[in-house]
Structure formats: C-alpha cells, structure tokens
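> Quick one: the structure is below, and I'll ask about it shortly.
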Amino acid sequence: MWLSFTTSIFSQCIYGKPGGPVFTTTACTTVLHHSQNPDFYDEVKIELPAQLHEKHHLLFSFYHVTCDINTKTNAKKKETLETAVGYAWLPLLKEGMLVSQEHSISVANTLPLGYLNIKEPGSGKDPHLNRFFQQCQKRESDLPHAPTSNFINSLQGLQSIEKIHVITRFLPVLFNQLLKVLIQNDEDEIITTTTRVLVHIVAKCHEEHVDHYLRSYEKVQYEAKIAIASLVLLDICL
C-alpha cells in the first residue's frame, strides 16, 4: 500500500515495523498462501500531513506471489516472484472533507496514467460483468440451493461482451470466477453455459490477436501449481 502525493513521488508517512525506520513509503500485508478469497488483517498506521489536497490518496497494489522451494537440497529456501495483478486507489479528501468511513473500492487490472482523474477503478466495467460478479457474490451464500434464474442469466450474458478491452482488463479475475463456478455447481445448464463462455473469451482473444493475455494467465496459474506441488513434496520428504 502506498500513500502518494503524485503518481511518482511517495511520502514517508507510514509508520514502519519495529526494528526498522520510523517512517516508510509502503506497507505490505500478509495473507494465507493460495487463498482464493484472502483476508487482510494487518493494521497500518499513517501520519497524515497537516494540509491535505485533492492529490493525496492511498494507492493499493495487489500481487500474485509464487514460492519456489528447492526440494533437491532439502533446504527451506524460498524465492518469491511477485507479479502485479491489480491496483486500487482511494482519495483522502472528498468535497474538502477527510474520508473516514469504511469503503468498498474496485480493483483495476492496470494502473493507467492520470488514474486519479478516474472516479472509480471499476467504473469502466461492462454491465454484463457487473451483473455476473454481483450474482456470484449472492450465489456464495446460497450454494446448497439450485442456482437462481438471475444467476443463470448473468452467466449467459457474458457471451454478449464484444469489447475485447473489457475482457482483457478483468481476464484473471473473470477466469478464476468462471472456473470456480464450474467447481461449485454440478447442474448441466451451468456447466454447459460456463464452458461456452470460456470458449467465447478464448476465441475472442485469438480473434483480436491479444492471446498473450491468455498465455500470461496460464503462466501464473502454472507457477502457482508448481509452488503447491513443491510444498506438498517437501512436506512428504520431511
């Protein structure tokens, strides 16, 4: 997490950890390995400037971390590879007042130039995506029951997305959610529709010559599986 005055200069006003400098520019959270729905419990303390202006904001960066454990030497040596997967930002002032309540903010796939001029990171999200993610959240609390018609319609609606930039912007999150739907549901209609959506997205990426996004996603997922396999193997060896 960063507290930034501009897009390139960070302010040293975040309290550091014991044993380190009093103030730093960033604060990192810990999270359970390979958690699909991570919870962040770390508390971050910030000394805000006395005079705030509209460019003061919090910048959040989300990373996929790959752990590579060398099992051949039985050494508990870890090499972490961090891959940025999303960004979010929160202005500290709203209409001249300090924002102090709880916030739910969207996450963007990239950090665009002039991002502070974008009111909400997810404001460019396609309505079909909005409905799908909203229905997925509702579905999480209702898994023992059959999928509702609204959930099925939102899933079918993904095949209507034609703008490739909408797909690529949220590709990792969308793929993860679709694969999760396949695992959590055994209804034929859900499985068939989800498969068709996945085929539609892959075909669209190839058609628009942006299949490098697919390869990037595949690489990240492959590295995650290698990390899990290494952890299991190390556990067996020990």
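> Taking the conditions exactly as written (modelled with pLDDT of 80 or more and of a type in the set (S, T, N, Q)), does THR29 satisfy them or not? So that I can check it myself, show each step before the final result.
Numbers: modelled with pLDDT of 80 or more: yes; of a type in the set (S, T, N, Q): yes.
So THR29 passes the test.
> Quick one: PRO38 ticks every box in (1) at pLDDT 70 or above; (2) assigned to a loop (DSSP other than H, G, I, E, B); (3) touching a strand residue (DSSP E or B) at 6+ places or on another chain (Cβ under 8 Å) bar one, so which box is it?
(3)
> With (1) of a type in the set (A, V, I, L, M, F, W, C); (2) loosely packed, with under 15 Cβ neighbours inside 10 Å; (3) part of a helix (DSSP H, G or I) as the list, and LEU143 as the residue in question, which single condition is left unmet?
That leaves (3) as the condition not met.
> Can you name every residue in segment 148-166 that is open to solvent by less than 40 Å² (accessible area, probe 1.4 Å) and either closer than 11 Å to HIS128 by Cα or in contact (Cβ under 8 Å) with a residue 60 or more places away in the chain (or both)?
Initial filter on segment 148-166 (open to solvent by less than 40 Å² (accessible area, probe 1.4 Å)): 151-152, 154-155, 157-158, 161, 164, 166.
Result: SER154, LEU155, GLY157, LEU158, ILE161, VAL166.
> Based on what the data block shows, is LEU231 open to solvent by less than 70 Å² (accessible area, probe 1.4 Å) and at pLDDT 85 or above?
Working: open to solvent by less than 70 Å² (accessible area, probe 1.4 Å): yes; at pLDDT 85 or above: no.
Spelling it out, it is not the case that LEU231 is open to solvent by less than 70 Å² (accessible area, probe 1.4 Å) and at pLDDT 85 or above.
> Hey, among GLU43, GLU120, GLU95, which residue is open to solvent by 50 Å² or more (accessible area, probe 1.4 Å), modelled with pLDDT of 80 or more and of a type in the set (Asp, Glu)? Break it down stepwise before answering.
Values: GLU120 fails: modelled with pLDDT of 80 or more; GLU95 fails: modelled with pLDDT of 80 or more.
Matching residue, one of GLU43, GLU120, GLU95: GLU43.
> If you take the residues of segment 167-191 that are in contact (Cβ under 8 Å) with a residue 24 or more places away in the chain and farther than 20 Å from VAL202 by Cβ, which of them is least open to solvent (accessible area, probe 1.4 Å)?
Only one residue fits best here, namely ASN185.
> Related question: Of everything in segment 184-216, what is farther than 24 Å from GLN135 by Cα and outside any loop (DSSP other than H, G, I, E, B)? Give them in sequence order.
ALA203, CYS205, HIS206, GLU207, HIS212, TYR213, LEU214, ARG215, SER216 - these are the residues of segment 184-216 that are farther than 24 Å from GLN135 by Cα and outside any loop (DSSP other than H, G, I, E, B).
> If you don't mind, there's one more thing I want to ask. Consider PHE62 against the criteria (1) open to solvent by 60 Å² or more (accessible area, probe 1.4 Å); (2) modelled with pLDDT under 80; (3) in contact with a strand residue (DSSP E or B) (Cβ under 7 Å, 6 or more places away or on another chain); (4) closer than 30 Å to SER154 by Cβ: it satisfies all of them except one. Which criterion is unmet?
(2)
> Anything in segment 124-148 that is over 19 Å from the mean Cα position of the chain (by Cα) and among the acidic types (Asp, Glu)? List them, or say none.
Selection gives ASP142 alone.
> Filter segment 198-208 for residues that are touching a residue at least 24 places away in the same chain (Cβ under 8 Å) and touching a Phe, Trp or Tyr at 6+ places or on another chain (Cβ under 9 Å) and give the result.
Selection gives ILE201, CYS205.
> If I ask for residues that are in contact with a helix residue (DSSP H, G or I) (Cβ under 6 Å, 6 or more places away or on another chain) and either among the charged types (D, E, K, R) or surrounded by fewer than 13 Cβ atoms within 10 Å (Cβ to Cβ) (or both), which ones from segment 205-219 would you list?
Hits for segment 205-219 are GLU208, ASP211.
The values are calculated or read from the model by the stated rules, or taken from the named source; none is laboratory data. Everything quoted here is computed from the prediction, not taken from an experiment. Cβ: placed from backbone, ideal geometry, glycine included. Neighbour counts: every protein chain shown. Each accessible area value is taken on the protein alone, full model and side chains, heavy atoms only, with ligands, DNA and RNA left out. Shrake-Rupley method; radii C 1.70, N 1.55, O 1.52, S 1.80 Å.
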